[in-house]
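Engineer: Here you go, one structure.
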C-alpha cells in the first residue's frame, strides 16, 4: 500500500510549511477540477481499462518469445522515459550482464548522439535483434532518423522488416502507420487522447515491458487502484489531489522547485520520468485566459543516499525555494546484513547488528529530519516494495497530481507548445543547411 507522510510540512515554520487545515481547506475544488479534467478528453486514466490491448501485447510477446537476443527501443522523451523506468525498476539491475540469461538484452536509444548509434552495433547482431520504434505522431525527427538508420542496415543485410521491426504510433495517421500498413510491419496504437509523457500505461511502455518479462497486468492493477483515488471527491481518499495541493500551496510560498529523491536504486529512473512530466505539463507561458503568466515548477531528480553527498549542503543551507519529496521503500526484498569486522573500534559501533535496508531508510529519515530542522518543506511517500503494482500506483499518483496542478495554475497541463516550437525550428534549420 502507498502512504503519504506529511507531518514534516506541518511542523516547520508557517512561512515555509503548510498546516493540515490549510491543505484540506482546498477540498471544495476537487469536484470542479475533476469535471474540468474530464472535459479535456485525456485518456491517461481510462486507457488502463483496455483489456484487449493487454491481450494483444501478450499474444505478440508469445509469438516472438525466444526469437531475439536483443531488443532495441528507438524513442525519445515520453516515448522512452517510462520504458527506461520500467526496466530499471522491475528487472535485475544488471539484467543484460547476467550469465545464462533467457530474456533478450534490452537497450533504449533515447538520443541521436552519433556515437550511441554506432557503438550499439558492437553489442548486437542484426539477425537476432528486434527494433521497437515509438513515436506517437509518426513524425518525431529524432525517432524517424533512428528508424531510417537501422532500417537501412537491416535492408542491406537482406532482413525482412516485418520480422525485425514493430511500430508503436498513431492508429491511423503518420508515416510509420503508412509503412506498417503497406509493408505488414506489426504495429500498436498510441491512443490520440494520451500525451507522450502520460503514455507509460499504454503500448508505448507496456509492449517493451512485456517483452522483458514484466508483469504488465499487475502494473495496470496498480494504476487502476490509484486512478480510483484520483477520481474520488473525498479529500482523505484522493492522494493525487493532496499532492497537487501541497505543491501548489508551496509554490505560492516561493518553493519554485520540486526535488524528487527516492531512496532506492531501482527508482532512480522514476525520478527521470517525473522530471519530464512536471516540466512539460506545468511550465507554460500563458494561462487559459490568454494571459502571459510564465508559470512552472522546476523538477530536480535526486537519488538517496547518493545525493546526500552531492546536493544536501545546498538543500540544507542554500536558498529555501524547494519542496522535497522522498520515496521510501519499506521492504527491499533482500537480506543484506552489514558485518562489523572491527567491533573493537568505537568509531564503527553504529554498524553493529544493522543491514543495508535499515541503513538506507535511517539515512532517509536523518536527511528528512535535517531538512525539517532547517525549515525545508518535505514529505515522504512510502511504498511496501518496488514491484509492478506499486510502480503503477506511483505513476498514476504523479500523473493525477499533475492534472490537478494544471487546474490550480489555470493552464492546460496536456499541451507542450514550447516543445513543438523546437521541433519546427529543427526542421527549418535542416532545410536551410541542405
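Engineer: Can you tell me which residue is nearest to residue 1 (Cα to Cα) among those in region 308-337 that are in a helix (DSSP H, G or I) and touching a helix residue (DSSP H, G or I) at 6+ places or on another chain (Cβ under 9 Å)?
Structural biologist: Filtering region 308-337 for residues that are in a helix (DSSP H, G or I) and touching a helix residue (DSSP H, G or I) at 6+ places or on another chain (Cβ under 9 Å), the one nearest to residue 1 (Cα to Cα) comes out as 308.
Engineer: I'd like to check something: does region 310-326 contain any residue that is surrounded by fewer than 17 Cβ atoms within 10 Å (Cβ to Cβ), assigned by TED's automatic domain parsing to the domain that holds residue 385 and farther than 30 Å from residue 252 by Cβ?
Structural biologist: So far as region 310-326 goes, no, none of its residues is surrounded by fewer than 17 Cβ atoms within 10 Å (Cβ to Cβ), assigned by TED's automatic domain parsing to the domain that holds residue 385 and farther than 30 Å from residue 252 by Cβ.
Engineer: Look through 48, 30, 23 and report the one residue that is modelled with pLDDT under 95 and more than 30 Å from residue 101 (Cα to Cα).
Structural biologist: Only one candidate passes the filter, namely 23.
Engineer: May I pose another question? Before we move on, is residue 282 in contact with a helix residue (DSSP H, G or I) (Cβ under 7 Å, 6 or more places away or on another chain) and at pLDDT below 95?
Structural biologist: no
Engineer: Checking residue 381 against (1) within 30 Å of residue 233 (Cβ to Cβ); (2) in a helix (DSSP H, G or I), only one condition comes out false. Which one?
Structural biologist: For residue 381, the failing item is (2).
Engineer: In the list 179, 168, 132, 185, which residue meets the criterion of being in contact with a strand residue (DSSP E or B) (Cβ under 8 Å, 6 or more places away or on another chain), modelled with pLDDT of 95 or more, part of a loop (DSSP other than H, G, I, E, B) and assigned by TED's automatic domain parsing to the domain that holds residue 72?
Structural biologist: Answer to the selection: 185.
Engineer: Would you confirm whether any residue within region 389-410 is touching a helix residue (DSSP H, G or I) at 6+ places or on another chain (Cβ under 7 Å), in the same structural domain as residue 267 (by TED's automatic domain parsing) and either at positive phi or not in a helix (DSSP H, G or I) (or both)?
Structural biologist: The answer is no; no qualifying residue exists.
Engineer: Please go through region 2-20 and give me each residue that is touching a strand residue (DSSP E or B) at 6+ places or on another chain (Cβ under 8 Å) and loosely packed, with under 14 Cβ neighbours inside 10 Å, ordered by number.
Structural biologist: Within region 2-20, just 3 meets the criteria.
Engineer: Taking the condition closer than 21 Å to residue 266 by Cα, in contact (Cβ under 8 Å) with a residue 60 or more places away in the chain and either outside the structural domain of residue 154 (by TED's automatic domain parsing) or crowded, with 19+ Cβ neighbours inside 10 Å (or both), does residue 83 pass?
Structural biologist: When the stated conditions are applied, residue 83 passes them.
Engineer: Are there any helices (runs of 4 or more DSSP H) wholly within region 1-78 with 3 or more residues that are touching a residue at least 60 places away in the same chain (Cβ under 8 Å) and within 22 Å of the chain's Cα centre (by Cα), and if so which?
Structural biologist: In region 1-78, the matching helices (runs of 4 or more DSSP H) lie at 51-64.
Engineer: Checking the condition free of Cβ contacts under 8 Å to residues at least 24 places away in the same chain, in contact with a helix residue (DSSP H, G or I) (Cβ under 8 Å, 6 or more places away or on another chain) and either within 30 Å of residue 119 (Cβ to Cβ) or outside the structural domain of residue 236 (by TED's automatic domain parsing) (or both), which residue from 88, 101, 95 passes?
Structural biologist: Result: 101 is the single residue among 88, 101, 95 that is free of Cβ contacts under 8 Å to residues at least 24 places away in the same chain, in contact with a helix residue (DSSP H, G or I) (Cβ under 8 Å, 6 or more places away or on another chain) and either within 30 Å of residue 119 (Cβ to Cβ) or outside the structural domain of residue 236 (by TED's automatic domain parsing) (or both).
Engineer: Has region 227-241 got any residue that is out of contact with any strand residue (DSSP E or B) (no Cβ under 8 Å at 6 or more places or on another chain), more than 22 Å from residue 274 (Cβ to Cβ), modelled with pLDDT of 95 or more and assigned to a helix (DSSP H, G or I)?
Structural biologist: no
Engineer: Evaluate region 144-156: report whether one residue or more is assigned by TED's automatic domain parsing to the domain that holds residue 212 and outside any helix (DSSP H, G or I).
Structural biologist: Checking region 144-156: not a single residue is assigned by TED's automatic domain parsing to the domain that holds residue 212 and outside any helix (DSSP H, G or I).
The values are calculated or read from the model by the stated rules, or taken from the named source; none is laboratory data. This structure is a prediction, so every number in the text was calculated from the model and none was measured. Cβ sites come from the backbone with ideal geometry, for glycine too, and all protein chains shown count toward neighbours.
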